[in-house]
Each structure stands twice: as structure tokens, then as C-alpha cells.
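Asks: Pasting a structure below so you can have a look.
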Amino acid sequence: MTRKEPAQGGASSRPQGRRSGARRSRAKGRSRLLKGLGVLAAFAVLACGGFGWVWLKLSGDIGTFSQDGVSKERPDDTGPGENILVIGSDTRAGKNKELGGGEGDIGRSDTAFMLHVYADHRHAVAVSIPRDTLVEIPRCRLPDGSWSEPQPNTMFNAAFTVGQTEEGNPACTQNTVEKLTGLRVDHTVVVDFNGFSELTSVVGGVPVCLPHDIYQRDLSPKRPTRGDLVFHKGIQKVSGQRALDYVRLRHGVGDGSDIGRIKRQQAFVSALLKKVKEKGLTPTKLLPLAEAATGSMTVDAGLGSADKMLSFALSLKNVDLHNTKFVTVPWRYEGERVAVVQPDADRLWAALKADKPLGGAEKGKSKSADTKNGEEADKSAEAVTGAGITVAIRNGTTVPGLAAKAAGILGTSGFTVASTGNADDLTAAATTIGYGPGEKKAATTTARWFPGASLTESDTPGITVTLGRTYADDPAAAPTTPQPSAPAKPVGSDARSADENPCEDLSYG
């Protein structure tokens, strides 16, 4: 399913020693998000500097993964921009266990983002997808050549482990991202930890910022005492192992969530990109950095040679810091997991597909664009109606009368209720709204009557509301009419630019 190939195909030409070294380096931390853009930035610097001789040394050292597992049911070529999926991976065997990893020698991924490079090659947006996001993992190829069954309502990072192989399943993650976004992924890059310490050291350290002092227990929550001071409050430079410690820091800052960590990683990548662009890197420093970078990556066949990577790097060289944005897919907590918020997420994907800048009308744009945004916001605040939508309602609990109650509410709001009854499973914790092909918009409207409900796509036509225990227990989960939504914020209005202050917007919570 996943294999290392030389630049032109066939068996891997990478020496076994390099693979072992890469495996050892994976135990150094969890710098998935920052590593991907850092490596791409390093390539861009190489390209801009014109160090062609470096590429001769790198030929044949770029690993590729098989395209056999990429779904045949893919989105069409979507829009004029280019979408690059960057996956951070590690195997949590050996020393990784000491860093809080799981059991076994299975390739895992805790962070991934999709980098959209605009057609003008002057703007880029990196969209982070939290590892705990509940998504549908579509059919994916297994090591024996068979295909798995779709997995609805599953954590996003589980896609990379489908097949339970050491190298992971990047094709499955790509399939999942395409299913989630409706966007075609042009290239996929898998990055481990090899070379990260060298990168942060070559640029002379990366400035980071913390709201208060951080101690050893913040890095290792099971520690009985707080231990020594690791990071002091405020701005400081980190490199090597300290950089790894910073980007994997989760507890002791904000609400201790992975969402908060993503925000700090985005700030770190911003500062790293700035240092890479500012630093006058010499060929002496560039060669070991480039070797470490290629040794830490596995890419699709479209990037699997030095000249292809060079061409890709050249396409990034004119993207400046202010026009490099970082966002997280619109989300909300669903218990201990993360759910994608609609229609906000679909608005984000639509903007990227259309190659439109995020954050509303750009400075200097025509007034008509602002007017259009205002009209859309006013429309979103109008009263909601279920006219033209037909639903079936099922009681997923043992509480009697719920389906009839919901049917009465929806009936007075314009819906056509096709049927009511009990669900096959009467242990539903939360309300779900299942919808068939082409009915997502109607299902999203239906969800306005059921705050906290999740949407689930299926092959069965029609819309089915399955009521959960929250509907019975929480009066706020069953309003008689939905409240008009607040005017929609421009897509990506909370984006971080790579040139922002490293102390800004560091944590959720």
C-alpha cells in the first residue's frame, strides 16, 4: 500500500541506515504542522538562491508512496489554485513511548493541514484539520489489495492508520480530505521529524511567546511535581530539542486542548518562515539542511524527484509573509471530540475552490464586493423555514413521545414529515441528521432546529432525524423555532498572517 520508490519508480533506493535514522528521529517530538511548511520554505530558499548543485546531490533521495490507494472517485480538478496536503507522521515504538506515544510500531499522524497556493503564486492559506475531528473515512486500500469499508463519524487521524502499517496510509488520509472538502488534492507530502532540529538551528533559533512560565510537569502531566522551569514567560528563542518541546506543549496553556496547540504551532511556523526568509543561508549550511529535509519526506509521484520538487519550490518563492495565512477548519466540541461546523466549513472550501482570498473584501477591492458580503450576511440573519424539505423522524431513546413532539415542531415550521417511529438503536446520546446524495443543504437547514446535532451522509435517499438523549434532557436542544443566525463573518476572518506578532492569539481557552 505504501512504499518507498526512487525518483523514477521501482524499488527504493534509500539506504536502510537512513530509514533507521529517520525512525530514531521521530522520537524527538510531535512537530507535525510546523515541519511541513518549514521544509517547503527551505526548498523555496534553495530555489531562490539558485543552488542547483544541491539538487544533483539530492536526486534519488526522495521517497514516494504508491498511488494505488488513491480513490478513483475523486473531485474534479477544482479551480485555478493548487492544493497540497501535508501530513505529519511518526511511529510510536521504542523511545516514542517515553514521549507519550501509544503501543506498537504503526505509522500515526496527529496533525495535518492543506496548503492552498493561489493561482497568482503570491498568496497561500494553510488549513489545519484537528486530529480529533469527526469525519467520514471513505473506502481505503489495505495492504493485501482489498478495500476497507467506509467509516462514518470517525476521528480524522484514524485515516492514516488504516491498514496498520509502519509507514502509515497517506493515500487514505488524502481520500478522507477530498471527501471532507470536495477539493482535489494535487500533491501529498508526508513529513517526519528528521531534519527539524537542524532547520531551527540553521536559522539561529525561532522566536516564540508564552503567557506564563512553563515547567516540566506541563510537558509531562503525569509527573508528581512541577519540576524545573522549561520556558520562561514572554518572548524567547528556541531551537533543536527545545523547539520540539515547545511545539508539542499542550498542557499548562489555555484549555490544554489540541486546538490550542494548533494555534501555537501556527504561530511557530509563522516565525520560522520569517527567519528562513530573513536568514542569509550559505551553501555550506544549505546542503545538510536540504539532505535532512528530503530524508524526512515521503511524497506522491508528482513530486518524487529533485527537479519536480525544485519546480514546486519555484512556484512558492513569491508568496510573502503577509499573504501567508493560517486557519483551522470551522469547528466545535462534540463531547471530547471535534465536529466540523456547517455551513461555515463549506463556505471555506468554496472560497478556496474559487481561489478567493479569505477574510472578506481585501483592502483596495471594489465597493461592490463589500455590498455583496453585506447582502449575504443579511440573508443569513433572516427567519428560517423548512418549506420544501421532507424528513423522517426516529426516536433514538427510550423516552416516549419524542418523535411526535419533534414532528409537531417541524410541521408548524413548513417541513413535511414523512413518518415517525423508533430507531433501531435506542441508546443515541446526541441527535444525528442523516442525508442522502445531494441533500446536504436541506439537512443543514434541518439542523437549525436541533442545536448540537451532527450531520451524517449516507447512500440512502432522504433526510432522517434520529433524536438523541440530549433532545430529551435539554430543553435548549429542542426550541420551538430556530433563532435566526447572526450575520456570517467573512470566511477566514480569524486567519493568522505569517508576519504577525508571535505573542498574538496563542491559545484557544
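Asks: Around THR456, which amide H atoms from residues at least 5 apart in sequence, or from another chain, sit under 5 Å from its own amide H, with H modelled in the peptide plane?
Replies: For THR456, whose amide H was placed from the backbone, the distant partners under 5 Å are ILE433, GLY434, TYR435.
Asks: For the peptides 238-245, 132-139, what is the packing order when you average, over each peptide's residues, the other Cβ atoms within 10 Å and list the highest mean first? Could the numbers behind the result be given before it?
Replies: Numbers: 238-245: 18.8, 132-139: 20.6.
Highest-to-lowest ranking by the protection proxy: 132-139, 238-245.
Asks: Probe 1.4 Å, all protein chains in place: accessible area of THR328 in Å², nearest 10?
Replies: The accessible area comes out at roughly 30 Å².
Asks: To continue, here is another question. Can you list residues from other chains, or at least 5 along the same chain, whose modelled amide H is less than 5 Å from the amide H of ILE393?
Replies: Amide H neighbours of ILE393, under 5 Å, 5+ apart: SER419, THR420, GLY421, VAL465.
Asks: To continue, here is another question. In square angstrom, rounded to the nearest 10, how much accessible surface does SER419 have for a 1.4 Å probe?
Replies: Counting only protein heavy atoms, the figure is 40 Å².
Asks: Right, next: Output wanted: per-residue J couplings in Hz (rounded whole) for segment 123-133, from phi through Karplus 6.51 cos²θ - 1.76 cosθ + 1.60, θ = phi - 60°, x for Gly and Pro.
Replies: 10, 8, 10, 9, 9, 7, 10, x, 5, 8, 5
Asks: Could I get the Rg over Rh figure for segment 106-175? Both from C-alpha atoms, Rh via Kirkwood, rounded to two places. Working shown, then result.
Replies: Numbers: Rg = 13.8 Å, Rh = 13.0 Å.
Ratio of gyration radius to Kirkwood radius for segment 106-175: 1.06.
Asks: Quick query: amide H of HIS123 versus all other amide H atoms, modeled in the peptide plane; which residues come in under 5 Å with a sequence gap of 5 or more or a different chain?
Replies: Those lying under 5 Å, H to H, from HIS123 are TYR118.
Asks: Over 31 Å between C-alpha atoms is what I'm after, so list which of LYS274/LYS353; LYS263/LYS405; LYS179/LYS274 land there. Write out the running numbers ahead of the final one.
Replies: Values: LYS274/LYS353 27 Å; LYS263/LYS405 42 Å; LYS179/LYS274 33 Å.
LYS263/LYS405; LYS179/LYS274, as the Cα separations exceed 31 Å there.
Asks: Apply the Karplus parameterisation 6.51 cos²θ - 1.76 cosθ + 1.60, with θ equal to phi minus 60°, to every residue of segment 341-351 and state each ³J(HN,Hα) to the nearest whole Hz, in sequence, with x for glycine and proline.
Replies: With the stated coefficients, segment 341-351 comes to 8, 10, x, 4, 5, 5, 5, 5, 4, 5, 5 Hz.
Asks: Here's a follow-up. If you wrap a convex hull around the alpha carbons of segment 173-273, what volume per residue comes out, as a whole number of Å³? Could the numbers behind the result be given before it?
Replies: On the way: hull volume 13.7 nm³, N = 101.
Value for segment 173-273: 135 Å³ per residue.
Asks: Another question, if that's okay. With every atom except the alpha carbons ignored, what do you get for Rg and Dmax of segment 387-452, in angstroms?
Replies: Using the Cα atoms of segment 387-452, the pair Rg, Dmax is 11.6, 32 Å.
Asks: Residue by residue, what Karplus-based ³J(HN,Hα) values in Hz, rounded to whole numbers, does segment 146-155 have, using 6.51, -1.76 and 1.60 with θ = phi - 60° and x for Gly and Pro?
Replies: The phi angles translate into 7, 10, 6, 7, x, 10, x, 6, 10, 4 Hz.
Asks: If you don't mind, there's one more thing I want to ask. Just the accessible area for GLU166, please: 1.4 Å probe, Å², rounded to the nearest 10?
Replies: GLU166 exposes around 60 Å² with every protein chain in place.
Asks: In whole Å, how far is the Cα centre of segment 318-362 from that of segment 215-277?
Replies: What the calculation gives is 24 Å, centre to centre.
The values are calculated or read from the model by the stated rules, or taken from the named source; none is laboratory data. From a predicted model like this one, the values you see are computed outputs, not experimental measurements. Neighbour counts are summed over all protein chains in view; Cβ atoms, including those assigned to glycine, are modelled from backbone coordinates with ideal geometry. SASA here: full protein model, heavy atoms, side chains in, ligands and nucleic acids out. Shrake-Rupley method; radii C 1.70, N 1.55, O 1.52, S 1.80 Å.
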